[in-house]
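Quick notes on the structure that follows.
The values are calculated or read from the model by the stated rules, or taken from the named source; none is laboratory data. In this text the structure is predicted, and so the values were computed from the model without any measurement. Note that we place each Cβ from the backbone using ideal geometry, even for glycine, and neighbour counts take in every protein chain shown.
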Amino acid sequence: MDSWFPADWPAAATVKTAITTRHGGCSQAPFDNNNLGLHVGDKASDVLANRQSLVSSLNLSEQPLWLEQVHGTDVEYAPTAAGTPTADASYSDQVGRACVVMTADCLPVLLCNQQGTQVAAAHAGWRGLCNGVLRNTVATFSASDQLMAYLGPAIGPEAFEVGPEVLQGFTEKALNERHRAEIEAAFTAASDGKYRADLYALARAELANCGVRDTYGGDHCVYSMPERFYSYRRQPVTGRFASLIWLASHD
């Protein structure tokens, strides 16, 4: 099985992407095999070996910008960031350093402009998505109507059950009445007053109402694909896979 695959979207040739799977690493169960998260209880030396293997496989010129993700809305500028910043998104307009987010149910969102001169990666779990992480990330670009987005592997709506407070949180942050209607359509009533939430639909609605019309991906469910992806809701002690985007030179 492949240890990573590229985003399937019509981005410019200068835009490079990679989404890792749980294959190809050296982590032991329950993190088997390609865990990239240092914060989940895995052996640090195995995680660092997995990260270095990824850097080599992708022929990256430098280490990606790994983030201390907190389900927030802060966006870091990758080319000048130091250490491991506390943020849930990063962007770049320089060749070289990759923007990266780690997930295991939450939605990774990769963005670029049509010209292939700006890129970003965002960690969009329901909290960050509700509170504006994608709005903040889109705002780092010079023109939102020239962007495209790729929705990476996340938990699917059939497996993602939430309480009514989640629906309320999203509707309270709606940008307009159309957005509110799109949010409500992304929630389906389940048992005991709960809802099934469609993170992909929520992200598409958020992006569209921020001016991003061209959205791709959104066709995985990590919960139902245990052989390929980690899922925290399926297995609370588990690894993290990564979604990366970076700019390469024209030649």
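Quick check on Ala185: is it within 23 Å of the chain's Cα centre (by Cα) and surrounded by 15 or more Cβ atoms within 10 Å (Cβ to Cβ)?
For Ala185, the condition - within 23 Å of the chain's Cα centre (by Cα) and surrounded by 15 or more Cβ atoms within 10 Å (Cβ to Cβ) - is not met.
Where the second residue is among the small types (Gly, Ala, Ser) and the first is in a strand (DSSP E or B) and lies in the range 8-27, which pairs have Cβ atoms under 6 Å and are six or more apart or on separate chains?
Val15/Gly116; Lys16/Ala248; Thr17/Ala7; Ile19/Gly152; Ile19/Ser243; Thr20/Ala242
Could you say which residue among Leu65, Leu54, Leu60, Leu36 is buried (at least 17 other Cβ atoms within 10 Å of the Cβ), touching a residue at least 12 places away in the same chain (Cβ under 8 Å) and within 19 Å of Val138 (Cβ to Cβ)?
Leu65
Between a residue in the range 139-167 that is under 15 Å from Leu202 (Cβ atoms) and without any contact (Cβ under 8 Å) to a residue 60 or more places away in the chain and any residue that is part of a loop (DSSP other than H, G, I, E, B) and β-branched (Val, Ile, Thr), which pairs come within a Cβ distance under 7 Å, given they are 6 or more apart or on different chains?
Close Cβ pairs satisfying both conditions: none exist.
Sort out which residues of the range 93-118 are crowded, with 24+ Cβ neighbours inside 10 Å, within 13 Å of Ala149 (Cβ to Cβ) and either among the basic types (Lys, Arg) or more than 13 Å from the chain's Cα centre (by Cα) (or both), and write them in order of number.
Cys112
Report yes if some residue within the range 84-92 is within 23 Å of Val222 (Cβ to Cβ), surrounded by 23 or more Cβ atoms within 10 Å (Cβ to Cβ) and polar (S, T, N, Q); otherwise report no.
Looking through the range 84-92, at least one residue is within 23 Å of Val222 (Cβ to Cβ), surrounded by 23 or more Cβ atoms within 10 Å (Cβ to Cβ) and polar (S, T, N, Q).
Does Pro236 satisfy being surrounded by 13 or more Cβ atoms within 10 Å (Cβ to Cβ) and either farther than 17 Å from Gly128 by Cα or not small (Gly, Ala, Ser) (or both)?
no
Looking only at the range 151-163, decide whether some residue is crowded, with 19+ Cβ neighbours inside 10 Å and either under 18 Å from Arg213 (Cβ atoms) or acidic (Asp, Glu) (or both).
So far as the range 151-163 goes, yes, one or more of its residues are crowded, with 19+ Cβ neighbours inside 10 Å and either under 18 Å from Arg213 (Cβ atoms) or acidic (Asp, Glu) (or both).
Looking only at the range 132-152, filter to residues that are small (Gly, Ala, Ser) and either at pLDDT below 95 or touching an Asp or Glu at 6+ places or on another chain (Cβ under 6 Å) (or both); which one of those is nearest to Ala78 (Cα to Cα)?
Of everything passing the filter in the range 132-152, Ser142 is nearest to Ala78 (Cα to Cα).
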